[in-house]
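Have a look at the structure below before the remarks.
The values are calculated or read from the model by the stated rules, or taken from the named source; none is laboratory data. Keep in mind that what you see is a predicted model, and the values were worked out from it rather than measured. Glycine gets a Cβ as well: all are built from the backbone with ideal geometry, and neighbour counts include every protein chain shown.
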């Protein structure tokens, strides 16, 4: 298991289960692919099946709706290695009402008039901002 101090900062502020999920997958991916970006991508992809990024940390997905959080996380094999745009841990497959609730938690203005994609983008931006703020502490 990856040492707690070696976890990405967003995971250090997340529940133990999120840390375990990422750590076990990362360790397995290191055995398979070696240390590096691919092992990290694999671990985050696994994490995104059960958790979503909220602000500066990861929280369990609500309502038991597990699965990929965006199109990139759903890809496998060579398609996954080609890269692509991700939602940065925001559950882009969640309902608009769920995304609005998350936006309310993060006090995102104008959320009631936003489209689903605008909500995903705003949540991603807010999460990056909160993560940067937490890292400065």
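Does residue 90 qualify as being within 15 Å of residue 59 (Cα to Cα), buried (at least 20 other Cβ atoms within 10 Å of the Cβ) and in contact with a helix residue (DSSP H, G or I) (Cβ under 7 Å, 6 or more places away or on another chain)?
Numbers: within 15 Å of residue 59 (Cα to Cα): yes; buried (at least 20 other Cβ atoms within 10 Å of the Cβ): yes; in contact with a helix residue (DSSP H, G or I) (Cβ under 7 Å, 6 or more places away or on another chain): yes.
Yes; evaluated as a whole, the condition is true for this residue.
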Does any residue in segment 19-36 that is without any contact (Cβ under 8 Å) to a residue 60 or more places away in the chain come within less than 8 Å, Cβ to Cβ, of a residue that is exposed (fewer than 14 other Cβ atoms within 10 Å of the Cβ) and in a helix (DSSP H, G or I) six or more places away or on a different chain, and which pairs are these? 19/4
If I filter segment 45-63 for residues that are modelled with pLDDT of 60 or more, within 9 Å of the chain's Cα centre (by Cα), part of a helix (DSSP H, G or I) and within 22 Å of residue 125 (Cβ to Cβ), do I get at least one hit? yes
So, in segment 98-117, exactly how many residues are exposed (fewer than 15 other Cβ atoms within 10 Å of the Cβ) and over 19 Å from residue 58 (Cα atoms)? 7
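Which members of segment 9-18 meet the condition of being touching a helix residue (DSSP H, G or I) at 6+ places or on another chain (Cβ under 7 Å), in contact (Cβ under 8 Å) with a residue 40 or more places away in the chain and either surrounded by 20 or more Cβ atoms within 10 Å (Cβ to Cβ) or assigned to a helix (DSSP H, G or I) (or both)? Don't jump to the end; show me each part of the working.
First, the residues of segment 9-18 that are touching a helix residue (DSSP H, G or I) at 6+ places or on another chain (Cβ under 7 Å): 9-13, 18.
Applying the additional criterion that residues be in contact (Cβ under 8 Å) with a residue 40 or more places away in the chain yields 9-11, 13, 18.
Those that are touching a helix residue (DSSP H, G or I) at 6+ places or on another chain (Cβ under 7 Å), in contact (Cβ under 8 Å) with a residue 40 or more places away in the chain and either surrounded by 20 or more Cβ atoms within 10 Å (Cβ to Cβ) or assigned to a helix (DSSP H, G or I) (or both): 9, 10, 11, 18.
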Which one of the conditions (1) in contact with a helix residue (DSSP H, G or I) (Cβ under 8 Å, 6 or more places away or on another chain); (2) at pLDDT 90 or above does residue 97 fail to meet, given that it meets all the rest? (1)
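Out of segment 25-44, which residues are in a helix (DSSP H, G or I) and over 20 Å from residue 89 (Cβ atoms)? Break it down stepwise before answering.
Narrowing segment 25-44 to residues in a helix (DSSP H, G or I): 25-33, 37-44.
Matches in segment 25-44: 27, 28, 30, 31, 32, 33.
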